[in-house]
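Notes to accompany the following structure.
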Amino acid sequence: MVWWRTTITILSTILLCVGLITTIFTYVMVGVTSEATLRPLVNANDPTAFDKWYPKTYECGIIGCFSNQPDEGIGAVLLSKAGHNYLSVLAIQLLLAVLALLVVLMLVPTCWASRLLHAAIAFTIAGLFVIVAFAKTTVLAFVPSGASAFVTPAITSVFNSIALWFGITLIIGILLFISAWFVRKHEHPEVHHETNTFV
């Protein structure tokens, strides 16, 4: 494979891996910042607290609030409805970027075995982040007993989402590795002789 194909393929593989990880965590955060998740937590002590805080808008904007934080802090901004809407749009943009990178990996390499292999590498490495889900027990140990009835279900939901989506990503990666091996065995030998590599 010529050098530019190799360079684009390697960069696309790395970016796809990062994109998958970022997209999954962003979608998890979309769930965390939803009204259904936050309302029971915020209203635990004050039934009117959520409606006073969640719909609040911030003049600094989501990005601007990182450098010019409001009195409530950046956490309050990200957990607000404005933050939820921002993360929802960001998640869609990241998903489109992941799809675009997959298209690049399907077009640039010269053989199907290589295309599948590089996609498999990206999905498998990203899927390894499923180990984050095993931190649930450690995190739950720090939840105060008085707040466990409200906080524990939310934390459990977050870690279950992480386990689900990274687990699916890991399975896809393994299946792509198997497919790459199978295709490699059945592709015409001249294809691999010309590339002299799995790239």
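The values are calculated or read from the model by the stated rules, or taken from the named source; none is laboratory data. A quick note: this is a predicted structure, and the numbers were derived from the prediction, not measured. We place every Cβ from the backbone using ideal geometry, glycine too, and count neighbours over all the protein chains shown.
Taking the range 23-39 as the range and being over 9 Å from the mean Cα position of the chain (by Cα) and either at pLDDT 90 or above or not in a helix (DSSP H, G or I) (or both) as the test, the residues that pass are Met29, Val30, Gly31, Thr33, Ser34.
Just so you know, in the range 144-199 the residues that are among the aliphatic types (A, V, I, L, M) and not in a helix (DSSP H, G or I) include one that is modelled with the highest pLDDT, and it is Ala147.
Within the range 64-82, take every residue that is in a loop (DSSP other than H, G, I, E, B) and within 24 Å of the chain's Cα centre (by Cα) and give me the one that is farthest from Met29 (Cα to Cα). It comes out as Ser80. Of the set (1) of a type in the set (A, V, I, L, M); (2) in contact (Cβ under 8 Å) with a residue 40 or more places away in the chain; (3) more than 27 Å from Ile168 (Cβ to Cβ), all apply to Val30 but (3).
To keep it simple, each residue is scored yes or no on (1) at pLDDT 90 or above; (2) in contact with a Cys (Cβ under 8 Å, 6 or more places away or on another chain); (3) among the polar types (S, T, N, Q); (4) farther than 16 Å from Val158 by Cα.
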site: Leu107; (1), (2), (3), (4): yes, no, no, yes
site: Trp112; (1), (2), (3), (4): no, no, no, yes
site: His118; (1), (2), (3), (4): yes, no, no, yes
site: Thr124; (1), (2), (3), (4): yes, no, yes, yes
site: Val132; (1), (2), (3), (4): yes, no, no, no
site: Thr138; (1), (2), (3), (4): no, no, yes, no
site: Phe142; (1), (2), (3), (4): no, no, no, no
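Only one entry of Leu96, Leu90, Leu78, Leu116 meets the criterion of being surrounded by fewer than 19 Cβ atoms within 10 Å (Cβ to Cβ) and touching a residue at least 60 places away in the same chain (Cβ under 8 Å), and that entry is Leu90. Among residues of the range 40-56 being without any contact (Cβ under 8 Å) to a residue 40 or more places away in the chain and in a helix (DSSP H, G or I), the one that is farthest from Ser157 (Cα to Cα) is Lys52.
You will find that of Glu72, Glu59, the residue that is farther than 21 Å from Ile162 by Cβ, surrounded by 12 or more Cβ atoms within 10 Å (Cβ to Cβ), without any contact (Cβ under 8 Å) to a residue 40 or more places away in the chain and of a type outside the set (A, V, I, L, M) is Glu72 and no other.
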